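Novice: Let me begin by handing over the structure; questions about it come next.
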Amino acid sequence: MTFYEIEFPLAALSVELVEAALSEIDACSITFVDRGDEPVLEPKPGEIRLWSDTMVRALFQESSGVASSNAASSNAASSDAASSDAVFTDAARNLDRLATALGPHITETARVRRVENQQWERVWLADWKSMRFGRRLWVCPTAADAPEDPNAVVVRLDPGLAFGTGTHPTTALCLQILESLPLTGRRVVDYGCGSGILGIAALKMGAAHVVAVDLDPQALIATRNNAIRNGVSSAIEVEGVPVRLRPASCVVANILAGPLIELAPTLTAACEAGGDLLLSGLLKTQAYAVKAAYTSGFDMVQVVGRDDWCCIHARRAA
């Protein structure tokens, strides 16, 4: 099976028009990527916000008719050459169709490259390593060996569609602070649970019960599956938004600065007196505004940073 990629600048083209044109010629996948280094922060739920200089990448499988003609060649070298020629012939045909739908400039700016067929899950697993947070908490791939430390608390997790593996600073900071808290027997709310990593880690470290909340259905599925994988599914309650929350002794919200400010009344009500509140997913430059939204109900314990990101640890006033 042979694949190739067509790449071209989005420029002034409509995203919807580009997606329709690429779907019409059977693109396997369509990806919009940043051509420069421009951050896109805090899109609203359901919003797709692109960069000012966006590149379109579309993946195609070589057409079956071309592939069968390649198979007729018996010489390995000539077969490879024929396959390469066929890929670019197939790509040229699709570029002509794109030029008709999107404009002749497509053929002038597009780039075509062959993509080797690989087992992609093994590609990213090769770079996905076990990580330690604090003294004893580990997040490990499901296939990795357990840490040698007999006191290690291990969360088994593989990257998926929902956010949260511990590699991003915001998740890492939450795990670091969670590991330092006395969680035994406590109720925890994980608001914006993503993969469920924070709630699952809390249960592994002794929490009695977790309510995991997210507005993304994929996150709810991922959290349930990861909880089963880690043997804590009986102690975790997975809920969509909106949800009525009973006060818990620890509330974690790893989302974005804007939603954290908007959710201040909700998260304040969800945290019982003397309870811990962890707020993350925000840049250091956004910490002041987020803290200001919670100062009336909380005492600030610490702000922990990594790179450009930070996590706020606060405690609910009596």
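The values are calculated or read from the model by the stated rules, or taken from the named source; none is laboratory data. Note that this is a predicted model, so its numbers are computed, not measured. Note that each Cβ is placed from the backbone with ideal geometry, even for glycine, and that neighbours are counted across all protein chains shown. Accessible surface is based on the protein model in full, side chains and every heavy atom, while ligands, DNA and RNA are left aside. Shrake-Rupley method; radii C 1.70, N 1.55, O 1.52, S 1.80 Å.
Novice: Quick one: which residues, 5 or more positions from V238 or on another chain, have an amide H under 5 Å from its amide H? H modelled 1.01 Å from N in the peptide plane, none for Pro or chain starts.
Specialist: Counting only residues 5 or more places away or on other chains, the set is A212.
Novice: With +1 on the Cβ of every Lys and Arg and -1 on the Cβ of every Asp and Glu, and nothing else charged, how large is the dipole of segment 169-278 about its Cα centre, in debye rounded to the nearest 20?
Specialist: Its charge dipole is roughly 280 debye.
Novice: Here is a further query. Quick one: ranking R156, R114, R35 by accessible area, 1.4 Å probe, largest first, what do you get?
Specialist: Sorted descending by solvent-accessible area, the residues read R35, R114, R156.
Novice: How much space per residue, in cubic angstrom, does the convex hull of the C-alpha atoms of segment 183-229 take up?
Specialist: It is 52 Å³ per residue.
Novice: Go through 296-307, 191-202 and give me the packing order, highest mean Cβ count within 10 Å leading.
Specialist: Top to bottom by mean Cβ count within 10 Å: 191-202, 296-307.
Novice: With both bridge residues required to lie in segment 171-318, what share of the DSSP beta bridges run antiparallel, to the nearest 5%?
Specialist: That works out to approximately 45 percent antiparallel.
Novice: With the radius of gyration and the Kirkwood radius both derived from the Cα set of segment 178-318, what is their ratio Rg to Rh?
Specialist: 0.94
Novice: Can you give the local net charge around D214? Use residues other than it whose beta-carbon is closer than 14 angstrom to its beta-carbon, Lys and Arg +1, Asp and Glu -1.
Specialist: Local charge sum for D214: -3.
Novice: Write down the percent of antiparallel bridges among all DSSP beta bridges whose residues are both part of segment 131-214, to the nearest 5.
Specialist: If I count the DSSP bridges inside segment 131-214, around 25 percent turn out antiparallel.
Novice: Another question, if that's okay. Rank-order 21-34, 142-155, 247-260 by packing density, defined as the average count of other C-beta atoms within 10 Å over each peptide's residues, highest first.
Specialist: 247-260, 21-34, 142-155
Novice: Moving to a separate point now. For a Förster distance of 30 Å, can you work out the FRET efficiency between the beta-carbons of K284 and E148, rounded to the nearest 0.05?
Specialist: That pair, K284 with E148, gives E of 0.30.
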